[in-house]
Every structure is written in structure tokens, then in C-alpha cells.
Amino acid sequence: MPERLTEMLMDTWTPLIILWITVLPSIFMAPMNQSQVLPSGSSTGLKRLTEEQRVLNRSKRGWVWNQMFVLEEFSGPEPILVGRLHTDLDPGSSKIKYILSGDGAGTIFVINDKTGDIHAMKRLDREEKAEYTLTAQAVDRDTNKPLEPPSEFIIKVQDINDNAPEFVDGPYHATVPEMSVVGTFVTKVTATDADDPVYGNSAKLVYSILEGQPYFSIEPHTAIIKTALPNMDREAKEEYFVVIQAKDMGGHMGGLSGTTTVTITLTDVNDNPPKFAQSMYHFSVMEDVALGEPIGRVKANDLDIGENAKSSYDIIEGDGMDIFEITTDAQTQDGIIRVRKPLDFETKKSYTLKVEAANIHIDPRFISGGPFKDTATVKIVVEDADEPPVFSSPTYLLEVHENAAINSVIGQVTAHDPDVSSSPIRFSIDRHTDLERQFNINAEDGKITLATPLDRETNMWHNITIVATETRNHSQVSRVPVAIKVLDVNDNAPEFASEHEAFLCENGKPGQVIQIVSAVDKDDPKNGHYFLYSLLPEMVNNPNFTIKKNEDNTLSILAKHSGFSRQKQEVYLLPIIISDSGNPPMSSTSTLTIRVCGCSSDGIVQSCNVEAYVLPIGLSMGALIAILACIILLLVIVVLFVTLRRHKNEPLIIKDDEDVRENIIRYDDEGGGEEDTEAFDIATLQNPDGINGFLPRKDIKPDLQFMPRQGLAPVPNGVDVDEFINVRLHEADNDPTAPPYDSIQIYGYEGRGSAAGSLSSLESSASDSDQNFDYLSEWGPRFKRLGELYSVGESDKET
């Protein structure tokens, strides 16, 4: 509608506008601001100027102008006439040509080169370009020579109200605290208008609220939004939607307008107290609940949010204030009731508490509205549980002397069942804490006794754990640590702290301290150690040395005279008796070795050997050691040589190749045939003189040491082999080190060139009595004798 109205006005007043631009500026505006060209001959006053005035005044230009105006958004059927250029040099003979250059010349603005009329060819928009700078010049049409210097002028685009206000930053979001007073600042909005703020009222804006009343208001000129109602409650309504309008032309009819939205949120303030959902809470808990375990939750609701809704809980009254505690769950704002001390059903079966919930952050503006807290009652019932035994003490400390007798009572632990049923208790020792089983305990009364001897010097402390178990419910078990301290008795004699070896200089003086020795005692008397030193009774009058007790519990060894000599005696042994102050006292004898040495004049030991006196020929000790090593090496070589010769010169057992016993082999298992003569040791059969020695079986190593049996008397070489073999078989059968089974060896090779088959007993008949060995005589003289031996053996068995 505003645009259509503008077009109608423009169509109606177009002739007037043209007249205003072309005529009125020539009459009124040109003398004032030089905005239109004035022909120099148009003013009769100028022609009457005297010659003197012309001399005094400077020469004027042929035309003078400053600026022209054109209305924006003009859209007529013909190009709009902006203005006309004219010079008084133009006599009207059309010899002058007008030229236009600059911004938009030839495109937006076109000049009639004969008349000087300037027309706007396009629709102009002031918001795109507000003014154009152009240059005009009059030239001779024929020669194109300038008749006047070029002059610059400005065409300004005059504004019309063609732009509506806009909220560039919209839509808006704002917050304001709830319960605010009327006039509280909420936010400020800003609209912009692209029209000219200087020319007319096109850019003069006025603000108003279209939606959002009566809660909010806006200042018409500053656009500041404020609260219009008091005590708006967030809990009732939290968010408001407000529509703001900005209208130009000062808000008058015909102005353009724009709108935006403002979302206003009420922020929370602490204007509501916490409130328990119920006035009475009931909880039950087992008496054996662990400390710190939650037993129940209470909740005080608060209509506020965030920090304003946070509450703290506290127990303010009740008979269990020291038994229970209440804390706040930071996530849910619940009050969590926990057990702070152990419960006992047999002592107290129920508790009553009064808990309070109070806001943490209180707004002073609303403190008059009442206390921001609430209370509730909590009843807690304790239920009975089967509890483990309870010891009379959480720990026990016992003491026992290290010489205490076996089975003597060290101490006693006691425990009871706290339940009403009062189950009997049995005691035991956790053997993981008493691996050496040094202690025992009476399962009925808990008395701890000594099982093995104690030694304080080995272990001063023993830490064991006693276990108490209910006889009616073995799952109810309690443990208690027991520390046993072993008390010292004087059962160790003192002795030298280390093995001392004193050195005595040959040039020493009488009374000189040779050595200072100290003693140690494994015992630990209450008043500390005090040692007594003395010489053996038979050495009290020792002519060479004496002793002296020092105040620091040490002993000094002194020389009685001088003139000691290594040639006379190199080493002295001085036995010393060391006694302690225990009850009864303990003593020991330690021997101090005193070596005579050669020293310098300052008493520094240089040599304690006697080689300078016993080796006058000049041989050093190193040379003697080398000679002795060579002698020992030669002796070892001789012994090895003799041993090897003895093994090499032993005679062969069988010298007669025709001896029938050379191929008689005792087969306890299957062998490799008659050519296998290395599978068994037949030295005993071949050498009757060696029967006293014991030859162990090669197939099985005896696990026990076999005692050599009584050897048989030597027999001549012509002994009966059959009888000899039977005797050996009898001994082997009765040998305790021989295995009670036959060792069978499997041979895949029977030998070559043998006319006989396998001799394995596995392929023989079931009964030995069914065998006939007469066929062996057909195999040759060697097997013939073997057949006779087996035949004799069978006949002996039958007899």
C-alpha cells in the first residue's frame, strides 16, 4: 500500500516536480546555492555594470552551479529532467556543444549537447548511491575547442520513505530474576532504517509492544524493555514471548514498520523453603551392618532449582545422635542415613531421630517469608543377627621366659557369643601364623601353652592369630592377634666380639698395651652387660703377660717385660676367662693369639715371619714352595704310571682256546646269537679264582648297597661247570639286591652262520619237562656239551 501510494503521488505531481527542478531553481535557488546554470546575459543588472566596476571586479566564468537534485525511485514514462546547462556564450546559433562526464555519464545521466538538458535514464536508489559527481564543458561544435574551462557539479538523490525498519540482531533472548519489582531492566533492542536520517522523518523510529502485555513494557524511543508487573513467579510461569514493533515516520500513519521477538526467561531465586514429602520415616537395619553403610534415605523437596534448591541435612534430636549420621547426596539432594557406631540388638532395639533439612543459600530479600527449613521424624528398628564371637580384648600381649617348660601356660584369651542363644566357643591357632608349631591352645578355655622350647636370641617376638568359632554355626568366626614376647634369661656365656690376634714387637717395652679386646653376650640383661676378665688359675703368675680391666667394659693385654724374640718363641697363646653378671653367672674361656713381630723404631709392625733366621743360605720362601710343588707333581706322575702298568700286565683269563667254558653264556634273557659274546660279563665263569669279588648285574643298577657274600674256596680249573652254574643261580635267586623279575631284552638280529634257531624261551613249549635236548648234539661239539648240561639239569629237577 505505501508503495502504491507513492507511485500515485509521483504520477500526479510529475509536471510540478519537473517545473520545480527546471524553473524554480533558476529563480530562487541559484542566487543562494548556485545549484542551477545561469546564462550571463539573463541578468540586466550585470549588463549595466560600469567600466570601473568591471576593472575592479575579477572576470566571471560563463556558468556557475553547485549541485542538482533528483528524486529517488522515480519511475515515469519518460526520462526525468534533472536540470539544464547553459552559457551566455551561446548566441543560440547551435555552434556550442555541451559535453558531460563523470559518475554515470552516458548511462545514468544523458545530456542534450545542443540544449544542455540533463535527463536521468534509470530509476535511482539513494540507499545504493546518494550522490553523483559529474563534469560539464562547453566546446565549439565545429572545432571541439573548449569555450569555457570544465566545471564540476554534484547531482544528489533525494530520499523517500522506501525502507522499513529492520531488527538486525533479532530474535532476542533475555532473562530477568523472578519476583522482580516493576521497572526492572530486562534488555534493549535496536532497529535500523536505511532511509536518510537527515531528510524528513523517514528514519525516525518509534517502538511499541504488540504481544507480551501486561507483563512487560518498552520505552518508545530508547527501546528498553522493562517489567510491568511485580512478583512474577518462575514456579508459575517461567518463559514469556514478547513481540516488539519499530515504525518509522515517527510512528505516524503511512510509516513503514518491522517486528522482532524477544523470549524472556525468569531466572530462579530462593523464594521457596524445602519441604519433606512425609513427616514420618520408618527404617529397619540388621545389627551386624557395617559401619558407614546407608540404612535409608529421606528427601526434602524444593520448588527452586540449582543452587537455590540445595539443602543440608542434620540430626537435631533423638536417642541415636551419636549412633547415626546423615549426609547429603550431591546428585539427588537426598539425605542418606548411615551407621556411625556398631549396633547391638541385645542392648537397644530401636531409635528415634528428628532430622532437619535447611537451604544452604538463603536470599536476604525473602528471609521474612519464613524459615527456609523443614523437619521430619525417623524411626529405626534394629533386627537381631547371628554375630560372630567377641574377644574380651582387641589384641593380647603375653610374656614368657625363654627357659619356660614345655606345656607350661603362657596366657589365656577369652571370647563370648553376643547373641541371646550364646553358643559355646572353640579356640584354635591359625597355623599360618605359627608355622613352627611352637604354641598350643586349649580349645575349651583358650589357654595358650608352650609346645617347643624358646630362644630369645633366635626370635624375641612371636605373633600368632587365635581363631574363635561358634560350635553351633561354624561360619561365625572371629580372629584376634596375640603378641608373645620372649623374656631373657642368662643362658649364654660371653665371648670375644671377634677373633683377635695381637702383635707384639720384639723391641717392645714392659707395660706396653699389646691389644684391647671386647666381649659380647647374646643375652640382654635389664641393667646392661658387665664383664669380668681373668686368667686361668694356672696362668695367674704368667711371666710374660698380664691383663687390665678398662672402665668401658673392655680388657687391655699388657707385656710384663721386654726382649721378646721370634727365634726363641714366635707365638704365645693366652687363655682368658670372661664372666657376665647374670644370675647365675655364665663364663667362657677364649684364647688370644699373640704373635712376636719385628717392628720399626716407631712401633710399626714390619715382619712376623722367622725366615730371616732359618734361611741363612739365601733361599726365599717362594723358592721353597716352587721346589715342593715340583716334587709333588713328580710323585703324582709316578703313581699314574705304575697304575697303568698294572692294568696292562694282567694275564688273560683263558689261555686255552679249547676250553669248553669259553662259549658257555648264561642267558637270563634273549641275546644276539652265538656270535654275541659281549652282551654279558663271563669273567666269573672264565676265572674261578675271581669268584670272591662281586660283579653287579649290567641290566639293572641295584638301589641298595650289596654286601659281598662269603666267597667260595678256590677250585681248580677242572671244576664241574654244571655244579658251578647251579650254585651261581641259587645265589642270584637269593640275592636281595636282584630284581624279582626277569629282564627281557629284545634283539632283532640273531647273528649269522648259526645252524640253530632262536633260543628264546618265549617260543618254547609250555612245560620245560616236554623239551628234549638230544638234537643239540647234531649241531656240533660245542652244542653237544650244552645239551648234556641241560639234560643233567632236567634229571636233577626230576630227582
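Structural remarks
- Taking segment 203-228 as the range and being open to solvent by less than 60 Å² (accessible area, probe 1.4 Å) and part of a loop (DSSP other than H, G, I, E, B) as the test, the residues that pass are 203, 205, 212, 220, 223, 228.
- Residue in segment 294-308 that is surrounded by 14 or more Cβ atoms within 10 Å (Cβ to Cβ) and either of a type in the set (Phe, Trp, Tyr) or more than 42 Å from the chain's Cα centre (by Cα) (or both) present: yes
- Among the residues of segment 505-561, those that are assigned to a loop (DSSP other than H, G, I, E, B), of a type in the set (A, V, I, L, M, F, W, C) and either assigned by the TED database to the domain that holds residue 458 or loosely packed, with under 14 Cβ neighbours inside 10 Å (or both) comprise 536, 540.
- Only strands (runs of 3 or more DSSP E) whose full extent lies in segment 299-382 are considered here, and the ones with at least 1 residues that are at positive phi are 311-318.
- One residue from 423, 478 being open to solvent by less than 60 Å² (accessible area, probe 1.4 Å), under 43 Å from the mean Cα position of the chain (by Cα) and among the small types (Gly, Ala, Ser): 478
- The one condition in (1) of a type in the set (A, V, I, L, M); (2) outside any loop (DSSP other than H, G, I, E, B); (3) farther than 30 Å from residue 569 by Cα that residue 502 fails to fulfil: (3)
- Taking first residues from segment 385-410 that are free of Cβ contacts under 8 Å to residues at least 40 places away in the same chain and partners that are open to solvent by 30 Å² or more (accessible area, probe 1.4 Å), the Cβ contacts under 6 Å between residues at least 6 apart in sequence or on separate chains come to 392/414.
- Test: residue in segment 357-374 that is open to solvent by less than 80 Å² (accessible area, probe 1.4 Å), among the β-branched types (Val, Ile, Thr) and under 30 Å from residue 289 (Cβ atoms): no
Conditions (1) assigned to a strand (DSSP E or B); (2) at pLDDT 80 or above; (3) outside the structural domain of residue 534 (by the TED database); (4) hydroxyl-bearing (Ser, Thr, Tyr), marked per residue:
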| position | (1), (2), (3), (4) |
| --- | --- |
| 594 | yes, yes, no, no |
| 602 | no, no, no, no |
| 617 | no, no, yes, no |
| 626 | no, yes, yes, no |
| 631 | no, yes, yes, no |
| 634 | no, yes, yes, no |
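- Matching strands (runs of 3 or more DSSP E) fully within segment 119-192 where at least 2 residues are surrounded by 14 or more Cβ atoms within 10 Å (Cβ to Cβ) and within 60 Å of the chain's Cα centre (by Cα): 172-177, 185-188
- Count of residues meeting criterion [without any contact (Cβ under 8 Å) to a residue 60 or more places away in the chain and either under 15 Å from residue 547 (Cα atoms) or not polar (S, T, N, Q) (or both)] in segment 577-589: 2
The values are calculated or read from the model by the stated rules, or taken from the named source; none is laboratory data. Computed from a prediction, not measured in an experiment: that's the story for all the values here. Every residue, glycine among them, receives a Cβ derived from its backbone with ideal geometry; neighbour counts consider all protein chains shown. Surface areas here come from the heavy atoms of the whole protein model, side chains and all, with no ligands, DNA or RNA. Shrake-Rupley method; radii C 1.70, N 1.55, O 1.52, S 1.80 Å.
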